Amino acid sequence: LGQTHRHKAEAIFLRDGERTLGCHVLLRNERRGEMWSYRVAKLPLPNARSSAEHAALTYYEPIRRAISLGYRRLWLGPTGYESKVFRGARQVPLYHHYWFPRRWDRWFLAPYIE
């Protein structure tokens, strides 16, 4: 991301002193006024603390950041279509929700599911 989207990517870190406990990467599109959540990485919290810090990292801080920058939309979750297209992914159509890894299963069972 640093090489391809350097000026469009930013990260929010959750720290406990010198130790990093989590990171949330956000991608920005100034032209469209939108921001996408790309990746959230979390480590276990020390001393059995509540997960409120992780909730803030995952949801509240990206919302605050999008509002402070004046964005119209914030897409949370890396699986959104728009986020994947923004990162340069090529979309592949999904014809049904079942996938059988063995060819025989696909040949024999797919007609019944369709």
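The values are calculated or read from the model by the stated rules, or taken from the named source; none is laboratory data. Keep in mind it's a predicted model, so treat the numbers as computed, not measured. Cβ: placed from backbone, ideal geometry, glycine included. Neighbour counts: every protein chain shown. Just the protein is used for accessible areas: all its heavy atoms, side chains included, with ligands, DNA and RNA removed. Shrake-Rupley method; radii C 1.70, N 1.55, O 1.52, S 1.80 Å.
Taken together, the residues in the range 69-94 that are modelled with pLDDT of 80 or more and surrounded by fewer than 10 Cβ atoms within 10 Å (Cβ to Cβ) amount to 2.
Only one entry of His97, His5 meets the criterion of being under 18 Å from the mean Cα position of the chain (by Cα) and modelled with pLDDT under 85, and that entry is His5. Of all the numbered requirements in (1) open to solvent by less than 70 Å² (accessible area, probe 1.4 Å); (2) modelled with pLDDT under 65, Ala110 misses one, and that requirement is (2).
I want to confirm something. Restricting to the range 34-46 and keeping residues that are of a type outside the set (Val, Ile, Thr) and open to solvent by 10 Å² or more (accessible area, probe 1.4 Å), which single residue is farthest from Arg73 (Cα to Cα)? Full working, then the answer.
Taking the range 34-46 as the starting set, the residues that turn out to be of a type outside the set (Val, Ile, Thr) are 34-39, 41-46.
Then keep just the ones that are open to solvent by 10 Å² or more (accessible area, probe 1.4 Å); that gives 38-39, 41-46.
Details: Tyr38: 14, Arg39: 17, Ala41: 22, Lys42: 24, Leu43: 28, Pro44: 30, Leu45: 30, Pro46: 34 Å.
My answer is Pro46.
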